[in-house]
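Worksheet: the structure to be examined is printed underneath.
The values are calculated or read from the model by the stated rules, or taken from the named source; none is laboratory data. Owing to the predicted nature of the structure, the values given are computational and were not obtained by experimental measurement. Cβ sites come from the backbone with ideal geometry, for glycine too, and all protein chains shown count toward neighbours. Side chains are part of the model used for accessible areas, which takes the heavy atoms of the whole protein and leaves out ligands, DNA and RNA. Shrake-Rupley method; radii C 1.70, N 1.55, O 1.52, S 1.80 Å.
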Amino acid sequence: MINEFDNIQYAPILNCLYERWFQEMQYNGKELNEDEKKEFLQMVNGTISIHLEGLPILKEALEQIKDLHDEFHEAYRVVISVSQFALITMIDSMVISKYFILADQDYDKRFMRGKMKVILNEGFKKLYGFKGGKDSKWDELSSILKYFPEEIKKQYQELSSLLEKEAKSSSWWKDERDLETHLDAEKLYISRCEDVVESKVMMESLKLFKTLRAVNFFLKNMHTFLYNLLVDMYLRGELKKE
């Protein structure tokens, strides 16, 4: 019987031009037509479907190591936990965008726009925040960076600079988020009355998604390095061969 590990191989750590995900998009005044909306919804449904496949895998991975607390598994736990946050936030940002486009009543669309701003603000605040990455998911990764090679550390620093720039680029809709969550009715009504420009709102919704895609790519590289450590251990006979 062929052992499933007989052909085990190392996986490459990939280079990436992270800045491509942080390029500012400028609204050009163009409105979405019905065909473009349908195309967008198809893309969103496909993206959601693909990303949903990862959630149970990450949940199972965390469950499998819940009682393992050596340095390797502690580092692995952080990578998987941050990956779980990034993935579910990406999915949520796509879902809210989908239902914003699908809303066929004026107030429904204004409501969905407001809730989208909550996800945009809370998502970035949890990911990196507005205080130099402190007490954030990105900060959690810094606590295990010592276990990783210079290639990974360099990518982390590159992304840190890009995330810091993003944190300072705007308020990330903090005012809208506060109104939506604190339910100050008078100010909330004024905010909801602002004109809805679908294509502009959709461009704004992609700001968080693209940022999380960059982070997710980096997390895959971190995971690859940890995987390669296991390959090393296996090839040295340090893992039990069934």
Residue within the stretch 226-240 that is surrounded by 12 or more Cβ atoms within 10 Å (Cβ to Cβ), free of Cβ contacts under 8 Å to residues at least 12 places away in the same chain and basic (Lys, Arg) present: no
Selection count, the stretch 36-58, where residues are open to solvent by 50 Å² or more (accessible area, probe 1.4 Å) and either of a type in the set (A, V, I, L, M, F, W, C) or modelled with pLDDT of 90 or more (or both): 11
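Out of Lys187, Lys200, Lys168, report the one residue that is open to solvent by 30 Å² or more (accessible area, probe 1.4 Å), farther than 16 Å from Asn121 by Cα and without any contact (Cβ under 8 Å) to a residue 60 or more places away in the chain.
Numbers: Lys200 fails: without any contact (Cβ under 8 Å) to a residue 60 or more places away in the chain; Lys168 fails: farther than 16 Å from Asn121 by Cα.
The unique qualifying residue is Lys187.
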Pair list, Cβ under 7 Å, 6 or more apart: the stretch 99-117 residue without any contact (Cβ under 8 Å) to a residue 12 or more places away in the chain, other residue open to solvent by 20 Å² or more (accessible area, probe 1.4 Å): Ala103/Lys109; Ala103/Met112
Selection within the stretch 205-225 - open to solvent by 30 Å² or more (accessible area, probe 1.4 Å) and under 19 Å from Val118 (Cβ atoms): Leu206, Lys207, Lys210
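Is it the case that the stretch 133-154 has a residue that's in contact (Cβ under 8 Å) with a residue 24 or more places away in the chain, more than 25 Å from His73 (Cβ to Cβ) and surrounded by fewer than 16 Cβ atoms within 10 Å (Cβ to Cβ)?
no
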Qualifying residue in the stretch 64-72 (condition: of a type in the set (D, E, K, R) and either at pLDDT 95 or above or open to solvent by less than 30 Å² (accessible area, probe 1.4 Å) (or both)): no
Positions within the stretch 112-128 being in a helix (DSSP H, G or I) and aromatic (Phe, Trp, Tyr), in sequence order: Phe124
Residue tally, condition farther than 15 Å from Ser143 by Cα and open to solvent by less than 10 Å² (accessible area, probe 1.4 Å), over the stretch 74-90: 2
Search result, residues across the stretch 97-122 that are of a type outside the set (Phe, Trp, Tyr), open to solvent by less than 60 Å² (accessible area, probe 1.4 Å) and under 17 Å from Glu194 (Cβ atoms): Ala103, Lys109, Arg110, Met112, Arg113, Gly114, Lys115, Met116, Lys117, Val118, Leu120, Asn121
When residues of the stretch 14-29 are limited to those that are open to solvent by less than 100 Å² (accessible area, probe 1.4 Å), of a type outside the set (A, V, I, L, M) and at pLDDT below 80, the one nearest to the chain's Cα centre (by Cα): Tyr27
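Please pick out the residue among Ala61, Ala11 that is small (Gly, Ala, Ser) and open to solvent by less than 30 Å² (accessible area, probe 1.4 Å).
Ala61 is the lone residue from the list that is small (Gly, Ala, Ser) and open to solvent by less than 30 Å² (accessible area, probe 1.4 Å).
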Residue within the stretch 149-169 that is out of contact with any His (no Cβ under 7 Å at 6 or more places or on another chain) and closer than 14 Å to Gly114 by Cβ present: no
Any chance Leu127 is modelled with pLDDT of 95 or more, open to solvent by less than 50 Å² (accessible area, probe 1.4 Å) and more than 16 Å from Ala86 (Cβ to Cβ): no
Some residue of the stretch 207-228 being hydrophobic (A, V, I, L, M, F, W, C) and over 28 Å from Leu145 (Cβ atoms): no
Conditions (1) under 19 Å from the mean Cα position of the chain (by Cα); (2) open to solvent by less than 60 Å² (accessible area, probe 1.4 Å); (3) modelled with pLDDT of 95 or more; number of the one not met by Glu158: (2)
